[in-house]
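This report refers to the structure that appears directly beneath it.
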Amino acid sequence: MLPRASDALLELIRAHDTAGVDAMLDADPVQRTHGGPGGETLVLYACYTGAPDVAPLLRDGRTIIYGILIVLVVVVFPQGLITPNLFRRKGGDKT
């Protein structure tokens, strides 16, 4: 679960105050990685509260990179990184 964002930041998001959110995140960038009161990401919280215009300020570049990497791994390795072929003995079963 994500650490909860400050009440002041959550109030700015609910008020659609993009300038205030931007200023608060500039002062404390770590809050980008915090969550809303229900454990959701701040981007999702902004959309839930009807403030999608605030969402671009809240996104974190690392999560975008991680998401792209996950998609690439799924596309390139659809069987997974560790397949049953790795565990099969070459030359048959020698018992």
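Numbers at a glance
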item: Residue check for T18: under 13 Å from A55 (Cα atoms), surrounded by 12 or more Cβ atoms within 10 Å (Cβ to Cβ) and in contact with a strand residue (DSSP E or B) (Cβ under 8 Å, 6 or more places away or on another chain); result: no
item: The range 21-56, residues that are surrounded by fewer than 16 Cβ atoms within 10 Å (Cβ to Cβ) and touching a strand residue (DSSP E or B) at 6+ places or on another chain (Cβ under 7 Å); result: P37
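The numbers here are math on the coordinates, done by the rules we state, and not lab data. This is a predicted model, so every value here is computed, not measured. A quick note on method: Cβ atoms are made from the backbone with ideal geometry, for glycine too, and the neighbour counts reach across all protein chains shown.
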